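The structure appears right after this line, and notes come after that.
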Amino acid sequence: MASALDVSSLAEDLLCPICLSLFRDPRMLECGHSFCAACLEPCVPKGQRRGLCPECRGPFALCSVATNWALCSLAEKARLLKLDKGTQPGGEGSGWSICVEHEEPLKLFCSQDKGPICVICRDLPQHRGHVFLPVKNAVQKYQDKLKASLVPLKDNLNSATKDQHHQQKNIAELESCTQDLLGYIAKEFGVLHQILQEKEQGMKETVERLKEENRTEMEERLKELEEEVTFRNETLSRARAGLDTSDHIAFLRGIKELMRRVQEDQSSRGGEEEEDGANDEGSSSEDDDWTDEDVANGEEEEEEGDDEDVANGEEEEEEEEEGDDEDVANCEEEEEEGDEDDDGDIVAVDPAFEEFKDSLDFEAWQEMLGTIEAATVHDGEVTCI
């Protein structure tokens, strides 16, 4: 009996877990489990290259499974010894379908426990009140149920396969849609970037144009002021030279031109032009008369002046020095007052710069760009992100 149990255990190891028959062309998966080659084919969905192991659910590729030659040889030997008859429910092979606990043939099937039992197991307390069927009848009963379920199972498989293909199609469509959307976003933002660059360039060109216009006006005014400073500096130098001269005749000969320059110097400054102009006309006429009179009586004055100059030389020098100091002080005061009066003639920075800057409300633009939101659709509802 012990040898019968060993043969039964060996025969069970040679059964395919799917068809429950001795292996035919057994194939070993990467996970180590073996199945008949024909039984493995339905485990790989149509159109797919990989399936799942029926026992451990590990993935495998049908094209890469190897034939289990050792198991194939053992199965063929068991088939030649007709040991496969004892593996079928209801089979009468000696040593097959033996109860491990009682070493009796498994001739009954317990409907409650859903398993084959022997006649001794039927009488045990754990099976009391249970319904028993002969193994052959139980096999027929469940085979009929399986046969009836084949159509729904096939329909379910077809439906699942169809849904699988549809889902794969949707995944491919999602990838395509994503790429199209990303390309569209990149393109439109490129247009926005171009617009911003053009706006930036236009604003910079406007500022440069305002600068050039303002600078040109300033440089023209600076050139005029340089010429004016040269003229006034020369006039002041001539006036000081006239005060320091000892050649009275030469001094009086050039007094008309010198007084004209002085008058022009004074009349060209703003503030008191009209009043100064009226006074200068009277003094000019007096100066002209005085100059003519001096020229007419030049020789007499020159002789008398020589004696008086010799006598009063020291006094005149002192007076001239005091006069020079006063003139210098007066000139400095006039220059300071002139600088204050001339502020209105200086070309200042164009107010258009400040106005242009005030018109650039970048904070408002940034706030507007910050309010731009992307919309997304989820479960039929449009939301902003």
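A few notes on this one:
- In the stretch 11-164, the inverse of the mean reciprocal separation of distinct Cα atoms equals 17.9 Å; this is its Kirkwood hydrodynamic radius.
- Protein accessible area in the stretch 118-194, 1.4 Å probe - carbon and sulfur %: 62
- The lysines within cross-link reach of LYS147, meaning a Cα-to-Cα straight distance under 19 Å and a gap of 8 or more places when in the same chain, are LYS114, LYS136.
- In the stretch 167-278 the Cα-Cα distances spread across 5 Å bins starting at 0 as 2, 9, 9, 9, 8, 7, 6, 5, 5, 4, 4, 4, 4, 4, 4, 3, 3, 3, 3, 2, 2, 1, 1, 0 percent of all pairs.
- A P(r) calculated from all alpha carbon pairs of the stretch 101-184, with 5 Å bins opening at zero, reads 3, 12, 13, 11, 8, 7, 7, 7, 6, 6, 5, 5, 4, 3, 2, 1 percent.
- Annotation: Cα Rg of the stretch 161-208 relative to the compact-globule expectation 2.2 N^0.38 Å equals 2.17.
- Label-point gap, in nm, between ALA38 and LEU81 - each point 7 angstrom along Cα→Cβ: 2.4
- A cut-off of 5 Å between modelled amide H atoms, ignoring neighbours fewer than 5 places along the same chain, links PHE109 with ILE117, LEU133, VAL135.
- Counting all C-alpha pairs of the stretch 92-247, share separated by more than 19 Å (%): 81
- Here ARG128 and CYS19 are evaluated by their C-beta separation; at R0 = 35 Å the FRET efficiency comes out at 0.50.
The values are calculated or read from the model by the stated rules, or taken from the named source; none is laboratory data. Remember, it's a predicted structure, so these values are computed and weren't measured experimentally. All Cβ positions, even for glycine, are placed from backbone atoms using ideal geometry, and neighbour counts span all protein chains on display. Calculation scope for accessible area: heavy atoms of the full protein, side chains included, ligands and nucleic acids excluded. Shrake-Rupley method; radii C 1.70, N 1.55, O 1.52, S 1.80 Å.
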